[in-house]
1. Please list the three semi-axes, largest first and in whole Å, of the ellipsoid equivalent to the chain, using sqrt of 5 times the eigenvalues of its alpha carbon gyration tensor.
2. Take each complete run of DSSP H in the chain, measure how far its Cα atoms stretch along the helix's own axis, and keep only those covering 20 Å or more with mean Kyte-Doolittle hydropathy at least 1.0; list them.
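Only the coordinates and a few stated rules stand behind these numbers; no lab work does. In this text, all values refer to a predicted model and were calculated from it rather than measured experimentally.
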Amino acid sequence: MEEDHGQRSLAISIVGFARKYPTARWVALTLFGLTVLKVLVVDMARIDKSLRILRFLLLGLLLLIVSFLYHKTNEPACPEPT
């Protein structure tokens, strides 16, 4: 189920960046955050310790990638002075 939310989050994010809708980007980030929270709270309790460590590492890497891409493609709120 979280894969579906992740895919929806990605689709909303793409639309938000393509059409420059900041509200869509915030909705996508919120949905992505809720999906990550669900994975951490619910899904991690059900898996083996070694697999849990691997999933935490992969989740951290994914969050770093998403953060990098968001800040790279997001326009600054105010232009830098020249």
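1. Each semi-axis is √(5λ); the values are 29, 15, 9 Å.
2. Helix filter hits for the chain: 49-73.
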